[in-house]
Number of protein chains: 2
Amino acid sequence: MIRDSKLSGVLHVLLHMAEADGPVTSETLAKMMQTNPVVIRRILAGLREQGYVNSEKGHGGGWQLSCDLNTVTLHDIYVALGSPAILAIGNRTESPGCLVEEAVNTVMNQAFRDAEALLLARFSEVTLAELSRYLHQRLQNADFCRGHD
Amino acid sequence: MIRDSKLSGVLHVLLHMAEADGPVTSETLAKMMQTNPVVIRRILAGLREQGYVNSEKGHGGGWQLSCDLNTVTLHDIYVALGSPAILAIGNRTESPGCLVEEAVNTVMNQAFRDAEALLLARFSEVTLAELSRYLHQRLQNADFCRGHD
DNA sequence: TATCATGTAACTTATGATATTACATGAACA
DNA sequence: TGTTCATGTAATATCATAAGTTACATGATA
């Protein structure tokens, strides 16, 4: 994966689960994501604790959605992932002993806050259901995932 | 340094140079930044190519500003640093072979673009001179840099 | 009870940012 | 003119973190 793509990756996985009509194994999901099943389990384990998915062991087991796509937003998923850092740039330190640095921080922090707030606001506007609808508009005759299983 | 803090660090260095009335050595700047002189030289070398600073070798040498603080904005410095990535999160891949992933990307990219644009717009609104004025409002009797040389 | 799938700890790898070393170049000064 | 100071820069080392992998335990189903 490139950079921190957890949110993007998780949404991908969730949409695939939404399309399936039964449990999907971490192995299947891992192939779609071109990663390792353990990585999938690790990520989904966090979402399960918060009620977004559930898992079953054994034959016929795997992962399923357990939330209402109409009420869960991208922001909810973002938070469920632990609210990872949004910005790649930031201040060198938040408690400098240097007045010059404090001045720089103060000025930049406002810009950082605003940009973050905008992004999160956009995330709040989109539900998983809307994302799924958007997918179906595009989905015509093709397979969900071309190029890999 | 924490995360990608080049811009914040560079602004710190530039303001210190603005306060000095002669050339400042990379060793002095490095102490202020709690880093290595070579790191300072590497970063400032890029800015020098674009006319923001200049350097002199030998006795009495060091680094000086060579731009008009009133016209140079934070955005200019950001660009001079090579326009580093702003967002820590992003899409797994921009050219997926999977329609699900394409849908996710499309929806998220708009939010990413807007947030980036907002941040850069804010950077464009602030000149180095304004940053310096803000510093002087705060600067009363204290040393520029307490806690280290 | 054999198989399948998750649960999870421990470990390995890959990557990128940062720091360091070492030495060359060139300017100022005595 | 040679000593000192400071930059210029290549090469290397260190560090942190994300991602991937292995190994094995747990539990469900057939």
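Read the figures in this text as sums done on the coordinates, not as results from a lab. Just so you know, these numbers come straight off a predicted model, no measurement behind them. Every residue, glycine as well, gets a Cβ built from its backbone with ideal geometry; the counts of neighbours run over all protein chains shown.
If the condition is being surrounded by fewer than 16 Cβ atoms within 10 Å (Cβ to Cβ), touching a helix residue (DSSP H, G or I) at 6+ places or on another chain (Cβ under 8 Å) and within 28 Å of A:HIS75 (Cβ to Cβ), then the stretch B:63-92 contributes only B:PRO84. Against the conditions (1) within 14 Å of chain A (Cβ to nearest Cβ); (2) over 15 Å from the mean Cα position of the chain (by Cα); (3) more than 13 Å from DNA strand D (Cβ to nearest atom), B:ASP21 satisfies every one except (1). The single condition from (1) within 22 Å of A:GLU130 (Cα to Cα); (2) outside any loop (DSSP other than H, G, I, E, B) that A:ASP21 fails is (2).
When every residue of the stretch A:99-107 is checked against the conditions, at least one turns out to be closer than 30 Å to B:LEU14 by Cα, of a type in the set (Asp, Glu) and in a helix (DSSP H, G or I).
Restricting to the stretch A:1-38, and then to whatever is within 9 Å of DNA strand C (Cβ to nearest atom) and of a type in the set (A, V, I, L, M, F, W, C), can you tell me which residue is surrounded by the most Cβ atoms within 10 Å (Cβ to Cβ)? Only one residue tops the list, namely A:LEU29. Can you say whether B:GLY58 is in contact with a strand residue (DSSP E or B) (Cβ under 6 Å, 6 or more places away or on another chain) and surrounded by fewer than 21 Cβ atoms within 10 Å (Cβ to Cβ), as far as the supplied structure shows? Spelling it out, it is not the case that B:GLY58 is in contact with a strand residue (DSSP E or B) (Cβ under 6 Å, 6 or more places away or on another chain) and surrounded by fewer than 21 Cβ atoms within 10 Å (Cβ to Cβ).
The residue that is nearest to DNA strand D (Cβ to nearest atom), counting only those in the stretch A:32-77 that are of a type in the set (Val, Ile, Thr) and in a strand (DSSP E or B), is A:VAL53. Of the residues that make up the stretch A:39-46, is at least one among the aliphatic types (A, V, I, L, M), within 9 Å of chain B (Cβ to nearest Cβ) and buried (at least 17 other Cβ atoms within 10 Å of the Cβ)? No, that holds for no residue. The residues of the stretch B:113-131 that are facing chain A (nearest Cβ under 7 Å) and over 13 Å from the mean Cα position of the chain (by Cα), listed by number, are B:ASP114, B:ALA115, B:LEU118, B:LEU119, B:ARG122.
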